[in-house]
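The values are calculated or read from the model by the stated rules, or taken from the named source; none is laboratory data. Nothing here was measured: the structure is a model prediction, and the numbers come from that model. Reconstructed Cβ throughout: ideal geometry from the backbone, glycine too, with neighbour counts over all protein chains shown. Side chains are part of the model used for accessible areas, which takes the heavy atoms of the whole protein and leaves out ligands, DNA and RNA. Shrake-Rupley method; radii C 1.70, N 1.55, O 1.52, S 1.80 Å.
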Amino acid sequence: MWNYSFVAPNLVALFVFLVYYIVRPRLPLKINALFPKVIALEGLMILIDPLSSSLVENTSEHSLLLQYLLTIVYFLGFILRGATFALFTANMLKMHIKKSFFPLYLIFASLVAGEILCLLNFRWEIFFRLDEDGYHAGKFYNLIYVFSFFYLALSFAMVFMRRKAVESWRFWNTVVFNSILVFGYAVRFLLTNYLILDSFCLLAIIVIYSKLESSALYFDARSGRFNVQALADMLDELSGAVPGLLMGVCLRNYRDMREILGNRQMDVALYDIGHFFFKAFPNLTSFYVGGGMFVLVGKKPQPFENVRSLVSERFSLPWSDGESSSTFLSVGFVRFREGMRIENSEFAVKALTESASQVLSNRDEDVVVTEETINSIVEKIDVKRAVEHAVENESTQLFIQPIMDAKTFKLFGAEALARIFDAEGKIIPPGVFIPIAEKNGRINCLGEQMFDKACAFVKKYGAGEKGLSWLNVNLSPIQFLLPDLNERFKAILERHGLDAGILHLEITEESMIDYALLQSQIQLMTSVGFKFVLDDYGKGYSNVSRLKKCPFINVKLDMEIVWDYFKTNDAIVPMLIRSFKDMGFSVTAEGIETEEMALRMRDLGCDYLQGYYFSKPLPADEFAKKYLL
């Protein structure tokens, strides 16, 4: 009646998978605890399916009660298997009970209903009946397929719900193994005489296994420990809970030792350190997140001081590669404040990794991650998103601040300034968003868009008219490194039909660190008409003698150095102004906030003045209305 040819190979393959999975190191995640249950349940179904089928094929040779028991167990397992794959789908998609109650409730509620119907088959012939003539399908036999396809439909609904919230590998792995199950159940429904569904379930398990056991997914090869992705997934499961222990162990001299000793010896040391954590702390899960930082996580309480003491004791000894070389490494520690909950895995991982820099500068005390640390990270992430949105939608707004002639206090030039807004419509200070834009690589697009908007402003309102002789545009030091910066800006100018001399480019002293590049870039751009202004002089690597070789047309004194002059009345600012004038530079004083400051800086010889005394930065249209129309 039934074909059993698929049973033996399926069972052997499943047993191999189960054994290999058990002996492999794995994260203490719900999904990893559930996967062996999926394998075990499928193994049980592979055994029960032919056994129960064989009994009902030979009705006269076995008691009716035994046939009933095994057949009902098979139907119980059939529905349970569908629910288990759906529950596994939910876990693969990180749908935990606290965050996704309704889908999980549907899985458990339907499972209870299905199992009750199976048990009621003892009293009423719902799915099947057995008599002396053998096995017969019951009136509601197809309900088992209704339950099965309901679980699959729910699984695909969860995939759709979480398609943007999880990593692409989770999305596609879930889509593939559920598609295999759909095909398997369809074949089982159409070819009832072939016990082939187990083969499709095995294939789905293989697809799942191929990703869960991927060494590139969760393991760091150099240290032999779990990686930062694994850490994020573990902390994600701890979301809303207080971990028993969460601490970082930072190798203070990691980068120096890697340069001195070389990659091979340091990789050996990393592996030995990872092995030490694995052996010394069996109740903790250890991770290597890169840059010389290990992280230890425990779900159950573990005294931080005890772990710290054992780690410090071991690091007082060298790490040997088994030959003649020994590596001495010093460590610092990062810990979460006691009783602090993990509200967001992304923020927790960032808090640990960003605290590593504090460990390097703080040798005496541990770095403690607090709610304030997390809030600061949240703010940075919000700013990063605002920068991404502004660049992608070209929604960065052009603000302009006037630069006044020091003799007449009338408009002479202006500075173009970028402004972006947060989700609530509030301006994010440039000192906050510009470093983030520089770090994530968006500063080049941002700067180019602002140059384009500055050109559009000059084209619309004119220059050299009504007192606006030029418009300064800021260049980030990162942007200044672009080898094709000249070509990019030149193309924008040509598109607007403007002369390069009308737009002065402001660079800071940070751009002067690589002096050879500075000379080359300025020479290239001045050859097509661009003019350069040195911004924020006195804020960084101030060196008057180096300016002699740079073709700047103007030097802007940083507001801090101007304010300090009015506090101390020292001779530094007057001396700088005289020196710049002697070298042929015009001078702009920033941060002018009172009439007294304006008059004094004029008397000292400044050519131009900029600050809130005259005007704060204004939206481009407001600036034009106030000064140019």
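Per-residue answers, yes or no, for (1) modelled with pLDDT of 90 or more; (2) among the charged types (D, E, K, R):
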residue: ASP272; (1), (2): yes, yes
residue: PRO282; (1), (2): yes, no
residue: MET293; (1), (2): yes, no
residue: LYS300; (1), (2): no, yes
residue: LEU310; (1), (2): yes, no
residue: PHE315; (1), (2): yes, no
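Does segment 384-398 contain at least one residue that is of a type in the set (Val, Ile, Thr), within 30 Å of GLU259 (Cα to Cα) and either open to solvent by less than 10 Å² (accessible area, probe 1.4 Å) or in contact with a helix residue (DSSP H, G or I) (Cβ under 8 Å, 6 or more places away or on another chain) (or both)? No, the conditions are met nowhere in segment 384-398.
Quick check, is THR508 open to solvent by 50 Å² or more (accessible area, probe 1.4 Å) and modelled with pLDDT under 90? Taking the combined requirement at face value, the residue does not satisfy it. Could you please find all residues in segment 372-399 being closer than 14 Å to ALA418 by Cβ and of a type in the set (Ser, Thr, Tyr)? Scanning segment 372-399 gives SER395, THR396. Looking across segment 523-534 at every residue that is in contact with a strand residue (DSSP E or B) (Cβ under 9 Å, 6 or more places away or on another chain) and open to solvent by 10 Å² or more (accessible area, probe 1.4 Å), the one that is modelled with the lowest pLDDT is identified as THR526. Any residue in segment 290-312 that is within 27 Å of the chain's Cα centre (by Cα), within 20 Å of ALA232 (Cβ to Cβ) and open to solvent by 70 Å² or more (accessible area, probe 1.4 Å)? Yes, some residue in segment 290-312 is within 27 Å of the chain's Cα centre (by Cα), within 20 Å of ALA232 (Cβ to Cβ) and open to solvent by 70 Å² or more (accessible area, probe 1.4 Å). Among residues of segment 586-614 that are closer than 26 Å to CYS550 by Cα, those with a Cβ under 6 angstrom from a residue that is aromatic (Phe, Trp, Tyr) and open to solvent by less than 20 Å² (accessible area, probe 1.4 Å), sequence gap 6+ or separate chain, pair up as VAL587/PHE580.
If you filter segment 493-510 down to residues that are of a type in the set (Asp, Glu) and not in a strand (DSSP E or B), you find that the one that is nearest to PHE530 (Cα to Cα) is ASP499. Residues in segment 544-584 that are open to solvent by less than 60 Å² (accessible area, probe 1.4 Å), farther than 26 Å from PRO402 by Cβ and among the basic types (Lys, Arg): how many? Counting residues in segment 544-584 that are open to solvent by less than 60 Å² (accessible area, probe 1.4 Å), farther than 26 Å from PRO402 by Cβ and among the basic types (Lys, Arg) gives 0. The condition of being over 30 Å from GLU622 (Cα atoms) and open to solvent by 70 Å² or more (accessible area, probe 1.4 Å) holds for only one of SER361, SER345, SER320, that being SER361. A single entry from GLU448, GLU465 fulfils the requirement of being modelled with pLDDT under 95, open to solvent by less than 60 Å² (accessible area, probe 1.4 Å) and charged (D, E, K, R): GLU448.
Which residues, counting only those in segment 218-259, are among the polar types (S, T, N, Q) and more than 22 Å from GLU365 (Cα to Cα)? Let's see the steps before the verdict.
Initially, segment 218-259 is screened for residues among the polar types (S, T, N, Q), giving 223, 227, 229, 239, 253.
Passing the criteria: SER223, ASN227, GLN229, SER239.
Exactly one residue among SER239, SER155, SER210 is surrounded by fewer than 18 Cβ atoms within 10 Å (Cβ to Cβ) and either in a helix (DSSP H, G or I) or without any contact (Cβ under 8 Å) to a residue 24 or more places away in the chain (or both), and that residue is SER210. The helices (runs of 4 or more DSSP H) located wholly in segment 1-112 that include 3 or more residues which are crowded, with 16+ Cβ neighbours inside 10 Å and at pLDDT 85 or above occupy 30-57, 64-92.
Being in a loop (DSSP other than H, G, I, E, B) and out of contact with any His (no Cβ under 9 Å at 6 or more places or on another chain) is the filter here, so list the residues in segment 113-133 that pass it. ARG123, TRP124, ILE126, PHE127, GLU132, ASP133, listed by residue number. Just wondering, is there one or more residues in segment 355-367 that are free of Cβ contacts under 8 Å to residues at least 12 places away in the same chain and part of a loop (DSSP other than H, G, I, E, B)? Yes, because at least one residue in segment 355-367 is free of Cβ contacts under 8 Å to residues at least 12 places away in the same chain and part of a loop (DSSP other than H, G, I, E, B). Taking (1) open to solvent by 50 Å² or more (accessible area, probe 1.4 Å); (2) of a type in the set (A, V, I, L, M); (3) touching a Lys or Arg at 6+ places or on another chain (Cβ under 7 Å) in turn, LEU628 satisfies each apart from (1). Can you tell me which residues in segment 364-375 are of a type in the set (A, V, I, L, M) and open to solvent by less than 40 Å² (accessible area, probe 1.4 Å)? If the condition is that a residue be of a type in the set (A, V, I, L, M) and open to solvent by less than 40 Å² (accessible area, probe 1.4 Å), then VAL367, VAL369, ILE374 are the ones that fit. Is it true that GLN229 is open to solvent by 30 Å² or more (accessible area, probe 1.4 Å) and of a type outside the set (Ser, Thr, Tyr)? Yes.
Looking for whichever is of a type in the set (A, V, I, L, M, F, W, C), free of Cβ contacts under 8 Å to residues at least 40 places away in the same chain and over 22 Å from ASN91 (Cβ atoms) here; the options are LEU251, LEU284, LEU270. Which one fits?
On the way: LEU251 fails: free of Cβ contacts under 8 Å to residues at least 40 places away in the same chain; LEU270 fails: free of Cβ contacts under 8 Å to residues at least 40 places away in the same chain.
Going through LEU251, LEU284, LEU270 in turn, the sole match is LEU284.
As a summary of the residue check, PHE328 satisfies the conditions (1) within 30 Å of the chain's Cα centre (by Cα); (2) open to solvent by 60 Å² or more (accessible area, probe 1.4 Å); (3) of a type in the set (Phe, Trp, Tyr) except for the one numbered (1).
Could you list, in sequence order, all residues of segment 595-605 that are closer than 25 Å to ALA416 by Cβ and open to solvent by 10 Å² or more (accessible area, probe 1.4 Å)?
Kept after step one, since they are closer than 25 Å to ALA416 by Cβ, are these residues of segment 595-605: 597-598, 601-602.
Correct list: MET597, ARG602.
Look at PHE140 and say whether it is in contact (Cβ under 8 Å) with a residue 12 or more places away in the chain and crowded, with 19+ Cβ neighbours inside 10 Å.
Numbers: in contact (Cβ under 8 Å) with a residue 12 or more places away in the chain: yes; crowded, with 19+ Cβ neighbours inside 10 Å: no.
Here the answer is no, as PHE140 does not meet what is asked.
Residue check: SER615 meets all listed conditions (1) more than 18 Å from GLU560 (Cβ to Cβ); (2) in a loop (DSSP other than H, G, I, E, B); (3) in contact with a helix residue (DSSP H, G or I) (Cβ under 6 Å, 6 or more places away or on another chain) but one, namely (3).
Please indicate, with yes or no, whether at least one residue in segment 113-120 is over 17 Å from SER148 (Cβ atoms), surrounded by fewer than 21 Cβ atoms within 10 Å (Cβ to Cβ) and among the hydrophobic types (A, V, I, L, M, F, W, C). Spell out the reasoning first.
Kept after step one, since they are over 17 Å from SER148 (Cβ atoms), are these residues of segment 113-120: 119-120.
Still in the running and surrounded by fewer than 21 Cβ atoms within 10 Å (Cβ to Cβ): 119-120.
Next, only the ones that are among the hydrophobic types (A, V, I, L, M, F, W, C) stay: 119-120.
The answer is yes, given that some residue of segment 113-120 is over 17 Å from SER148 (Cβ atoms), surrounded by fewer than 21 Cβ atoms within 10 Å (Cβ to Cβ) and among the hydrophobic types (A, V, I, L, M, F, W, C).
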